Amino acid sequence: MSRRSKTPQLRGNMRKCKLRKLLALYGDVCAWCGRKLDGDVTLDHVLAKHFGGGHDLGNLVLAHRVCNQARESHYRRKENHNG
């Protein structure tokens with residue numbers, strides 16, 4: 001989070017209106033661990049783009065970068081094991 005505002009700061013070029021909508025929908029907590037968003041926040045797809053997930057608000061959540069990466073590596077291990 002920025003010291004100047006209570007709004008999480010995202011990397012990349014995510015539009016501010018989409019961020020505000022996600023914050024209004026889900027609050028300022030990580031979708032995966034449930035803790036308050038602070039530090040390095042990412043946009044995560046509930047259904048990964050690789051599996052056909054889109055960029056619509058119903059498929060997007062905010063998450064800590066470490067939570068997002070842990071989830072991603074879990075799916076990679078599962079995919080490698082099954083395929």
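Laboratory data are not the source of any read-out in this text; all were calculated from the coordinates shown. Just so it is clear, the structure is predicted and the values come from calculations on it, not from any experiment. Cβ atoms come from the backbone with ideal geometry, glycine included; neighbour counts cover every protein chain shown.
For the pair Ala24 and Glu72, how long in nm is the line joining their label points, each one 7 Å along Cα→Cβ?
Label-label distance for Ala24 and Glu72, simple model: 2.9 nm.
May I have the convex hull volume per residue, in Å³, for the Cα set of the range 16-82?
Each residue corresponds to 83 Å³ of Cα convex hull volume.
When Lys and Arg each count +1 and Asp and Glu each count -1, what net charge do the other residues less than 12 Å away from Val46, Cβ to Cβ, add up to?
Neighbour charge sum, excluding Val46 itself: 0.
Show the residues, 5+ positions off or on another chain, whose built amide H is closer than 5 Å to the amide H of Asp40.
Arg65
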